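Q: Quick one: the structure is below, and I'll ask about it shortly.
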Amino acid sequence: SDLGTSSDDEDDDDEEQEDKNETPEKNEPKQIISTSQENKHEEMEEKHKTEKDGLNEKKKADQDKVQNITPSQPTVFIPVDRFPEIQEARLKLPVLAEEQVIMEAVRENPFVVICGETGSGKTTQVPQFLYEAGYASDGGIIGITEPRRVAAVSMSHRVAKEMNLSTRVVSYQIRYEGNVTSDTKIQFMTDGVLLKEIQKDFLLKRYSAIIIDEAHERSVYTDILIGLLSRIVPLRNKKGMPMKLLVMSATLCVEDFTDNIKLFRVPPPVIKVDARQYPVTIHFNKRTPLEDYTGEVFHKTCKIHRMLPPGGILVFLTGQAEVHSLCRRLRKAFPFRKGSTTTDSSESMRRFKKAKQKKAVSLPRIDLDNYSALPVDEGDEDREAGIGDEEDEGSDLENEDDPTITEKADPSIPLFVLPLYSLLAPEKQAKVFRPPPPGTRLCVVATNVAETSLTIPGIKYVVDCGRVKKRFYDRVTGVSSFKISWISQASANQRAGRAGRTEPGHCYRLYSSAVFGDFSLFSEAEITRRPVEDLVLQMKDLNIDKVVNFPFPTSPSAEALIAAEQLLVSLGALKEVKEMEQARLSCPITPLGSAMASFPVTPRYAKMLALGKQQDCLPYVIAVVAAMTVRELFENLDRPAGSEDESSKLTQRRARLTQMRRLWAGQGTSLLLGDLMVMLGAVGACEFASCSPKFCEDIGLRYKAMLEIRRLRRQLTNAVNAVSPEVDAFVNPKMTPPTEHQVVCLRQIVLAGLGDHLARRVQAEDLLDPKWKNGYKTPLMDEPVFIHPTSALFKTLPEFVVYQEIVETTKMYMKGVSAVEQEWIPQLLPQYCHFGSPLEVPPPWFCSSTGTIKCHCPSTFFRVGWQLPAVEME
Ligand code: CDP
Ligand code: MG
């Protein structure tokens with residue numbers, strides 16, 4: 001921790017000086033600005049008037065206001081021609097009342113923080129304020145970053161619509177796609193996209209203002225961006241190219257940004273937007289279900305629908321699988337018929353009868369004619385095995401014998417059930433913003449995405465399961481696991497707040513108040529919970545050698561920084577500085593490291609790409625890296641089936657997929673490339689079928705994942721060619737399979753990238769404990785790890801393997817496994833080996849910083865055929 005606190009930053013003095021023109025109140029303390037309610041109304045009316053009366057008055061007023069400020073401030077007012085109904089809706093948003101306060105603060109300060117409840121209009125309105133005030137009129141554009149792709153896309157559409165402008169002007173850019181043009185004035189993007197842009201142009205000259213949205217989420221990229229922009233903005237101002245930074249948060253917990261002397265010398269003003277929040281009554285559960293909380297959620301939702309007056313219901317669950325499962329259950333319990341056309345209901349009828357026979361209990365008393373083929377399993381078609389959706393709950397039918405439902409389930413109002421989660425297709429997401437069909441009650445079943453990113457209109461009841469699914473990393477071993485954990489008190493209150501947007505509401509917390517009392521106050525910043533090698537590499541590439549001194553809003557642990565630096569040194573991305581312990585954290589970047597930093601993948605995969613041009617392996621390396629980056633190529637066919645029919649279909653498809661995997665894994669050398677060969681085979685096969693949805697469906701590939709891989713392959717090809725362009729820039733999406741020779745090269749390239757993920761099968765003589773049977777030893781862990789049962793090498797059990805990741809479920813499982821020949825280890829990973837003299841017996845050890853694996857190396861070895869690509873630095 002002593003590393004973390006060393007604060008004498010060399011950069012500080014020259015970089016942090018702010019433009020004097022920009023900060024007239026330099027030494028004044030942080031101001032919390034908030035106008036009284038009456039003022040707000042007046043202002044709102046006035047604004048309404050000016051907009052009605054034409055724009056000239058306002059324009060003039062604006063010009064008067066800015067006259068005696070800096071000449072570099074925009075002085076024009078850019079009119080926006082909104083539809084009257086849009087304008088009317090805008091005027092109801094609390095943030096509109098603060099427009100003047102916000103814009104004055106922005107004019108007078110380089111940094112401004114805006115806090116306001118979700119739904120108060122920050123995301124949709126603040127970019128418009130800046131636009132109208134002319135921040136996009138001088139060639140510069142307004143950039144807004146979102147931690148989630150969903151928000152970037154949907155908000156750009158929304159703002160374009162509100163402003164009555166084309167998406168050529170209000171555009172978005174996310175990792176793989178965007179609609180940005182040369183006419184773009186407002187650009188929504190994910191935070192990762194902006195970070196990449198900083199690498200290309202540190203001063204971000206395209207932008208005149210940047211808004212960092214959803215800062216309370218404390219996503220890693222958001223944190224880093226705020227750190228970087230705290231330096232970039234003053235630099236820009238010094239160079240006479242003024243720029244503004246606005247940080248927006250849904251909570252008031254912004255001390256990490258405002259009271260952080262490393263970030264901002266002068267605490268930025270904090271503008272608080274008073275949301276018109278109606279009271280929400282909180283109902284705690286008496287007991288806290290630990291096991292079947294999804295069952296509890298189902299019961300509660302049914303009860304609300306049956307007993308309580310109209311008003312939308314918003315349910316918070318943890319993952320996509322849970323969301324779909326609950327949607328199915330609710331749709332079965334409260335069927336909803338779309339339109340008046342009678343659709344073919346024989347299938348549903350049959351199912352219904354079958355289920356009834358199977359369970360000798362009375363089912364919800366439903367109107368049989370009310371069945372429609374439409375909603376029952378609609379969710380399934382967009383189901384994806386997304387991040388963290390490995391687990392699924394038990395059968396849907398389980399709860400149908402619930403007596404409370406059978407007694408009373410005769411809803412006069414149908415329930416209109418919609419799922420909502422990050423990976424849901426945007427068109428489907430958009431449904432939640434539309435009013436439900438007349439005479440129905442809206443019920444949105446959502447993951448955390450509905451907590452702050454999106455506001456759903458008309459919600460009166462919130463059902464909160466109190467949990468969230470998060471990815472956890474073991475700081476030492478890098479083992480990741482998805483765990484469902486309790487949310488923070490701040491999150492619980494955010495969730496409750498969703499119920500009071502339009503009228504007083506109710507929040508049902510499915511946990512006791514005692515449990516709530518034990519929740520942490522706020523969620524931890526993500527940066528403290530994940531490995532940081534990618535961030536460290538990016539920073540080194542920005543010439544921030546002493547990463548410890550970087551103005552992180554919350555600094556990662558010294559441990560994590562050291563581990564990252566060590567990994568980057570062993571990948572050859574950083575040059576080792578052999579001095580004191582402290583020097584570890586100031587290793588400079590190598591030309592290879594710079595090349596790696598330009599690839600939009602983690603450093604281990606970037607290393608593979610850097611080596612990929614040998615033996616014409618590049619197209620394959622790119623395909624493999626793309627496939628490893630996109631999580632879950634294969635559909636999750638282990639989901640519970642809704643009916644016997646579906647169940648037999650699933651069994652068939654599972655068998656088919658297993659067969660295909662075996663086929664793709666190949667034989668001989670190919671088989672030894674293991675799961676990576678399976679990925680390559682899947683990508684290759686899919687491309688030969690021109691990536692058709694039907695092909696994917698038939699063999700259990702996730703269509704969306706395959707599309708993403710295709711885009712990523714193109715992007716990676718461009719990135720690699722940008723570094724050393726001598727090779728043919730074109731990679732045909734259709735590949736011929738690699739030759740035997742190429743497969744051997746591929747395995748070596750994979751080893752070079754995943755060198756720290758080497759594992760050795762436990763030797764017979766070490767097999768003291770039966771728990772080690774078929775187990776592997778890794779340098780960093782005391783416990784055995786195993787090859788995942790779905791792996792191509794599950795039965796082969798090679799002596800040495802490298803793995804993509806270890807995921808902890810019932811056991812520690814290696815995923816993405818490929819076999820390694822032991823003589824490659826000293827050749828390709830000398831940095832991990834201790835070499836004794838040839839006379840020394842026993843032979844050398846393969847070792848990593850804290851552990852060793854016995855490795856019998858040949859006494860002589862030399863490096864052959866393994867060169868790094870020529871990297872040219874400007
Ligand atoms: O960013 P913040 O949470 O403060 O609010 P916002 O996302 O700007 O949303 C402001 C209002 O616009 C909310 O009441 C939303 O319901 C509404 N909105 C909408 O109707 N349709 C969208 N696609 C996005 C927002
Ligand atoms: Mg927002």
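The values are calculated or read from the model by the stated rules, or taken from the named source; none is laboratory data. Here the structure is a predicted model, which means the values were calculated and not measured. Quick reminder, even Gly has a Cβ in these numbers, built from the backbone with ideal geometry, and neighbours come from all protein chains shown.
Q: Just the residues that are within 23 Å of the chain's Cα centre (by Cα) and either β-branched (Val, Ile, Thr) or surrounded by fewer than 21 Cβ atoms within 10 Å (Cβ to Cβ) (or both), please, taken from region 616-625.
A: So the first thing to find is which residues in region 616-625 are within 23 Å of the chain's Cα centre (by Cα), and the list is 622-625.
Once the filter is applied, which keeps residues that are within 23 Å of the chain's Cα centre (by Cα) and either β-branched (Val, Ile, Thr) or surrounded by fewer than 21 Cβ atoms within 10 Å (Cβ to Cβ) (or both), region 616-625 yields Ile622, Val624, Val625.
Q: A follow-up question, please. Go through region 189-201 and report how many residues are within 21 Å of Lys239 (Cα to Cα) and either within 16 Å of ligand 2 (Cβ to nearest atom) or of a type in the set (S, T, N, Q) (or both).
A: Residues flagged as within 21 Å of Lys239 (Cα to Cα) and either within 16 Å of ligand 2 (Cβ to nearest atom) or of a type in the set (S, T, N, Q) (or both) within region 189-201 amount to 1.
Q: Next question, about the same structure. Please go through (1) within 16 Å of ligand 1 (Cβ to nearest atom); (2) at pLDDT below 75 for Lys408 and return the number of the only condition it doesn't satisfy.
A: With respect to (1) within 16 Å of ligand 1 (Cβ to nearest atom); (2) at pLDDT below 75, Lys408 is out only on (1).
Q: Among the residues of region 202-227, what is the count of those that are out of contact with any Phe, Trp or Tyr (no Cβ under 9 Å at 6 or more places or on another chain), within 16 Å of ligand 2 (Cβ to nearest atom) and outside any loop (DSSP other than H, G, I, E, B)?
A: Here the count works out to 5.
Q: Write out, first by first residue and then by second, each pair whose Cβ atoms fall under 6 Å of each other, whose residues are 6+ apart or on separate chains, and whose first residue, in region 437-466, is more than 15 Å from Gly312 (Cα to Cα) and modelled with pLDDT under 90 while the second is surrounded by fewer than 23 Cβ atoms within 10 Å (Cβ to Cβ) and among the charged types (D, E, K, R).
A: Pairs found: Ser453/Arg148.
Q: When the residues of region 626-650 are narrowed to those that are under 12 Å from Gly700 (Cβ atoms) and at pLDDT 85 or above, which ends up surrounded by the fewest Cβ atoms within 10 Å (Cβ to Cβ)?
A: The selected residue is Lys649.
Q: Could you look through region 109-142, keep only residues that are within 16 Å of ligand 2 (Cβ to nearest atom), at pLDDT 95 or above and among the hydroxyl-bearing types (Ser, Thr, Tyr), and pick out the one that is farthest from the chain's Cα centre (by Cα)?
A: Step by step, filter region 109-142, then rank; the result is Thr124.
Q: So which helices (runs of 4 or more DSSP H) stay within region 492-579 end to end and still have 1 or more residues that are surrounded by fewer than 21 Cβ atoms within 10 Å (Cβ to Cβ) and hydroxyl-bearing (Ser, Thr, Tyr)?
A: Numbers: elements: 513-518, 533-541, 558-570.
Fully inside region 492-579 and qualifying: 513-518, 558-570.
Q: I've got another one for you. Every residue in region 148-183 that is over 21 Å from Arg90 (Cα atoms) and crowded, with 23+ Cβ neighbours inside 10 Å, please. Full working, then the answer.
A: Filtering region 148-183 down to residues over 21 Å from Arg90 (Cα atoms) leaves 148-150, 168, 172-183.
Result: Tyr172, single match.
Q: Restricting region 236-285 to residues that are within 15 Å of ligand 1 (Cβ to nearest atom), outside any strand (DSSP E or B) and of a type in the set (S, T, N, Q), which is modelled with the lowest pLDDT?
A: Residue satisfying both the conditions and the ranking: Gln277.
Q: While we're on this one: Being within 13 Å of ligand 1 (Cβ to nearest atom), at negative phi and more than 19 Å from the chain's Cα centre (by Cα) is the filter here; which residues of region 443-459 pass it? Explain how you work it out, then say what you get.
A: Keep residues of region 443-459 that are within 13 Å of ligand 1 (Cβ to nearest atom), which gives 444, 449-459.
After this cut, where a residue has to be at negative phi as well, the list is 444, 449-457, 459.
Val444, Ile456, Pro457, Ile459 - these are the residues of region 443-459 that are within 13 Å of ligand 1 (Cβ to nearest atom), at negative phi and more than 19 Å from the chain's Cα centre (by Cα).
Q: Taking the conditions exactly as written (more than 16 Å from ligand 2 (Cβ to nearest atom) and surrounded by 24 or more Cβ atoms within 10 Å (Cβ to Cβ)), does Asp256 satisfy them or not?
A: Numbers: more than 16 Å from ligand 2 (Cβ to nearest atom): yes; surrounded by 24 or more Cβ atoms within 10 Å (Cβ to Cβ): no.
Here the answer is no, as Asp256 does not meet what is asked.
Q: Starting from region 214-239, take each residue that is on the phi > 0 side of the Ramachandran plot and list its partners that are among the aliphatic types (A, V, I, L, M), counting only C-beta distances under 9 angstrom and pairs at least six apart or across chains.
A: Every condition considered, the pairs that remain are Glu214/Ala151; Glu214/Met248; Glu214/Ala250; Arg218/Ala525; Arg218/Ile527.
Q: Another question, if that's okay. If you go through region 701-723 one residue at a time, do you hit one that is under 21 Å from Tyr605 (Cα atoms), outside any helix (DSSP H, G or I) and of a type outside the set (A, V, I, L, M)? Show your work before the answer.
A: First pass over region 701-723, keeping only residues under 21 Å from Tyr605 (Cα atoms): 705-723.
So of that shortlist, the ones also outside any helix (DSSP H, G or I) come out as none.
Checked region 701-723: no residue is under 21 Å from Tyr605 (Cα atoms), outside any helix (DSSP H, G or I) and of a type outside the set (A, V, I, L, M).
Q: Going by the structure shown, is Ser230 within 16 Å of ligand 1 (Cβ to nearest atom), closer than 22 Å to Thr190 by Cβ and either buried (at least 18 other Cβ atoms within 10 Å of the Cβ) or at pLDDT below 90 (or both)?
A: Values: within 16 Å of ligand 1 (Cβ to nearest atom): no; closer than 22 Å to Thr190 by Cβ: yes; either buried (at least 18 other Cβ atoms within 10 Å of the Cβ) or at pLDDT below 90 (or both): yes.
No: the conditions fail for Ser230.
Q: For region 507-519, state whether one or more residues are hydrophobic (A, V, I, L, M, F, W, C) and within 24 Å of the chain's Cα centre (by Cα). Outline the logic, then answer.
A: Pass one, region 507-519, residues hydrophobic (A, V, I, L, M, F, W, C): 507, 510, 514-516, 519.
From the residues that got through so far, the ones that are within 24 Å of the chain's Cα centre (by Cα) too are 519.
Yes: one or more hits.
Q: For region 790-874, which fully contained strands (runs of 3 or more DSSP E) count at least 1 residues that are modelled with pLDDT under 50 and either hydrophobic (A, V, I, L, M, F, W, C) or touching a Pro at 6+ places or on another chain (Cβ under 7 Å) (or both)?
A: Fully inside region 790-874 and qualifying: 845-847, 852-854.
Q: If a residue must be surrounded by fewer than 23 Cβ atoms within 10 Å (Cβ to Cβ), among the hydrophobic types (A, V, I, L, M, F, W, C) and under 26 Å from Glu451 (Cα atoms), how many such residues does region 259-284 contain?
A: Filtering region 259-284 down to residues surrounded by fewer than 23 Cβ atoms within 10 Å (Cβ to Cβ) leaves 259-263, 265-267, 270, 272, 274-284.
Next cut, among the hydrophobic types (A, V, I, L, M, F, W, C) only: 261, 263, 266, 270, 275, 280, 282, 284.
With under 26 Å from Glu451 (Cα atoms) added as a condition, the list becomes 270, 275, 280, 282, 284.
Counting residues in region 259-284 that are surrounded by fewer than 23 Cβ atoms within 10 Å (Cβ to Cβ), among the hydrophobic types (A, V, I, L, M, F, W, C) and under 26 Å from Glu451 (Cα atoms) gives 5.
Q: Let me ask something else about it. Need the failing condition index for Glu197 against (1) of a type outside the set (A, V, I, L, M); (2) away from ligand 1 (no atom under 16 Å from the Cβ); (3) within 20 Å of Ala133 (Cβ to Cβ), just the number.
A: Result: Glu197 passes all but (3).
Q: Given (1) under 21 Å from Val112 (Cβ atoms); (2) within 15 Å of ligand 1 (Cβ to nearest atom); (3) under 16 Å from the mean Cα position of the chain (by Cα), where does Asp191 come up short, assuming only one miss?
A: The number of the failed condition is (2).
Q: OK, next. What residue, of Arg467, Arg501, Arg509, Arg529, is of a type in the set (Lys, Arg) and within 16 Å of ligand 2 (Cβ to nearest atom)?
A: The conditions single out Arg501.
Q: Here's another thing I want to ask about it. Looking at region 436-450, can you tell me whether even one residue there is of a type outside the set (Val, Ile, Thr), buried (at least 22 other Cβ atoms within 10 Å of the Cβ), closer than 17 Å to Gly505 by Cα and within 16 Å of ligand 2 (Cβ to nearest atom)?
A: Yes, region 436-450 contains a residue that is of a type outside the set (Val, Ile, Thr), buried (at least 22 other Cβ atoms within 10 Å of the Cβ), closer than 17 Å to Gly505 by Cα and within 16 Å of ligand 2 (Cβ to nearest atom).
Q: For region 754-776, which positions are under 36 Å from the mean Cα position of the chain (by Cα) and at pLDDT 85 or above?
A: The answer is Leu754, Gly755, Asp756, His757, Leu758, Ala759, Arg760, Arg761, Asn774, Gly775, Tyr776.
Q: Considering only residues of region 126-147 that are touching a Pro at 6+ places or on another chain (Cβ under 7 Å) and small (Gly, Ala, Ser), which is nearest to ligand 1 (Cβ to nearest atom)?
A: Filtering region 126-147 down to residues touching a Pro at 6+ places or on another chain (Cβ under 7 Å) leaves 133-135, 137-138, 142, 144.
With small (Gly, Ala, Ser) added as a condition, the list becomes 133-134, 137.
Working: Ala133: 18, Gly134: 21, Ser137: 23 Å.
Once the filter is applied, the top-ranked residue is Ala133.
Q: Let me ask something else about it. Do you know which of the residues in region 148-169 that are over 21 Å from Leu423 (Cα atoms) and out of contact with any Lys or Arg (no Cβ under 7 Å at 6 or more places or on another chain) is farthest from ligand 1 (Cβ to nearest atom)?
A: Arg168
Q: Pick from Leu195, Leu204: which is of a type in the set (A, V, I, L, M, F, W, C), touching a helix residue (DSSP H, G or I) at 6+ places or on another chain (Cβ under 8 Å) and farther than 22 Å from Asp138 by Cα?
A: On the way: Leu204 fails: farther than 22 Å from Asp138 by Cα.
Just a single option satisfies the conditions, and that option is Leu195.
Q: Now for a separate question. Within the bounds of region 479-491, is there any residue that is over 22 Å from Tyr293 (Cβ atoms), more than 16 Å from ligand 1 (Cβ to nearest atom) and of a type in the set (Val, Ile, Thr)?
A: First, the residues of region 479-491 that are over 22 Å from Tyr293 (Cβ atoms): 479-480.
Subsequent filtering for residues that are more than 16 Å from ligand 1 (Cβ to nearest atom) retains 479-480.
In the following step, the residues that additionally are of a type in the set (Val, Ile, Thr) were identified as 479.
There is at least one residue in region 479-491 that is over 22 Å from Tyr293 (Cβ atoms), more than 16 Å from ligand 1 (Cβ to nearest atom) and of a type in the set (Val, Ile, Thr).
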